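The values are calculated or read from the model by the stated rules, or taken from the named source; none is laboratory data. Quick caveat: nothing in here was measured; it's all calculated off a predicted structure. Cβ atoms come from the backbone with ideal geometry, glycine included; neighbour counts cover every protein chain shown. Ligands, DNA and RNA are excluded from the accessible area calculation, which covers all protein heavy atoms including side chains. Shrake-Rupley method; radii C 1.70, N 1.55, O 1.52, S 1.80 Å.
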Amino acid sequence: MNIEIRDDRFLDVVPEDLELETLADGFAFTEGPIWHPHERHLTFSDIPNSRMHRWTEKKGVKVFRKPSHMTNGNTYDREGRILSCEHETSRVTRTELNGAITVLASHYDGKELNSPNDIVVRRDGSIWFTDPTFGRLSGTGLVRKLELDHRGVYRIDPDTFELTLLATGFGQPNGLAFTLDHQGLYVADTPRLHIRRFEIDDHGGLAGGDVFAESTGQGAGAPDGLKIDSVGHVFCAGPGGVHVYHPDDGACLGVIRTPAFCANFTWGGDDFCTFFMTSSTCLYRTQLKVPGIPLF
């Protein structure tokens, strides 16, 4: 069975007979999937192989970028440009529409960032990302000494590229997503097996940060990629697959189970009910009942 039901409300989100389709396999560690709503393609990372790939229904998977500097998380900005977190270089970069690469962030307070991991864009165009240390470890990055003494969440001003540290105190901050009204921010903390929720003030700062939900269950995986659907359900990687939480009470409604650990996911297709999952060496697809939110 491909789903684990923990609350009857789960069946409002996923079909009871959910099936996984393998679109491609043979990768090392897939991550960072993003769907282009107009060109109808999926771009995703293969971190250890330092590649980014692009999938289309007609052509399947083709190499999009090599080397990718061990890119992990990706998103689109409001103009349809790809924003990426590079493990190998500790940079946040933007791929311009002409293919040129612009570095948006690489250092904080004169010191090299740890290894930017996942990234989102707020409605005002500001760019927010997490900066754990996974990209300085063997297998998922380039082994090197840390320069910073914290693991934080940052914001980049889209016009000036000014970098602001918003929060620290994490084990390893990982996936992040805004609430539906963009007045709150969820952040997954991988080793602590939970998701925290912050409130965003009028100046773009963060307050609060209480634990929104704990990640429990059997199987490989821990809190990693994190996104919300169009009605606010919180989806986060976790033990055994992708966990779905109710936005009101943080209850885990159930798990979309995957054969191996699932690091990240996104919605796509014409109705945004197609659910793509980057799971270990594979790329999977399934269908959900509630659509996701286009990135631009």
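Taking 0.36 nm per residue of separation and subtracting the current Cα-Cα distance, fully stretching the chain between THR22 and GLN287 would add 94.1 nm.
So if I place +1 on the C-beta of Lys and Arg and -1 on the C-beta of Asp and Glu, and nothing else carries charge, what would the dipole magnitude of segment 1-109 be about its Cα centre? I want it in debye, nearest 20.
On the way: 14 positive and 19 negative charges, 166 e Å.
Result for segment 1-109 is approximately 800 debye, rounded to the nearest 20.
You can think of it this way: the chain between ASP8 and GLU96 has 27.2 nm of extra reach, that is 0.36 nm per residue less the Cα-Cα gap. Cross-link partners of LYS59 among aspartates and glutamates, defined as those whose alpha carbon lies under 18 angstrom from its own and excluding same-chain residues fewer than eight positions apart: GLU21, ASP25, GLU39, ASP270.
Whenever you get a sec, compute what percent of the accessible area on segment 48-144 sits on carbon and sulfur atoms (1.4 Å probe). Don't jump to the answer; show the numbers that get you there.
On the way: 2010 of 4090 Å².
Using a 1.4 Å probe with all protein chains present, segment 48-144 comes out at 49 percent carbon and sulfur.
In order along segment 231-240, the phi-based Karplus estimate (6.51 cos²θ - 1.76 cosθ + 1.60, θ = phi - 60°) of 3J(HN,Hα) comes to 10, x, 4, 9, 9, 8, 4, x, x, x Hz; Gly and Pro are listed as x.
Taking the Cα centre of segment 79-169 as origin and assigning +1 to Lys and Arg Cβ atoms and -1 to Asp and Glu Cβ atoms, the resulting dipole is close to 240 debye. For the pair segment 242-296 and segment 1-63, the centres of their Cα atoms are 8 angstrom apart. Only Lys, Arg, Asp and Glu carry charge here, each on its Cβ (+1 for the first two, -1 for the last two); on that basis the chain has a dipole of about 1060 debye about its Cα centre. The residues of segment 79-229 expose, per residue, 42 Å² of accessible area to a 1.4 Å probe.
Ranked highest first by the average count of other Cβ atoms within 10 Å around their residues, in what order do 234-243, 19-28 fall?
Descending packing order for the listed peptides: 234-243, 19-28.
Think of the chain as a dipole: +1 on every Lys or Arg Cβ, -1 on every Asp or Glu Cβ, centred on the Cα centre; then among GLY60, VAL13, PHE261, GLY60 lies furthest on the positive end. If you take the charge dipole of the chain about its Cα centre, with +1 on Lys and Arg Cβ and -1 on Asp and Glu Cβ, which of GLY139, GLY125, GLY238 is farthest toward its positive end? Of the candidates, GLY139 comes out farthest on the positive side. Sorted on the mean count of surrounding Cβ atoms within 10 Å across their residues, most packed first, peptides 55-63, 286-294, 4-12 read 286-294, 4-12, 55-63.
Take the alpha carbon gyration tensor of segment 137-193, find the square roots of its eigenvalues, order them as a ≥ b ≥ c, and report rounded if a/c is under 1.5; if not, report prolate when a/b exceeds b/c, else oblate.
Details: a/c = 2.11, a/b = 1.32, b/c = 1.59.
Taking the square roots of the gyration eigenvalues as a ≥ b ≥ c, segment 137-193 is oblate.
Here the Karplus relation 6.51 cos²θ - 1.76 cosθ + 1.60, evaluated at θ = phi - 60°, turns the backbone of segment 97-114 into coupling constants of 5, 8, x, 5, 10, 10, 7, 9, 7, 8, 9, 10, 6, x, 10, 5, 4, 5 Hz, with x for every Gly and Pro.
Taking 0.36 nm per residue of separation and subtracting the Cα-Cα distance, full extension of the segment from SER126 to GLN218 would add 29.4 nm.
A dipole drawn for segment 104-209 from +1 and -1 charges on Cβ atoms has a positive end, and of GLY184, ALA167, SER115 the residue lying farthest that way is SER115.
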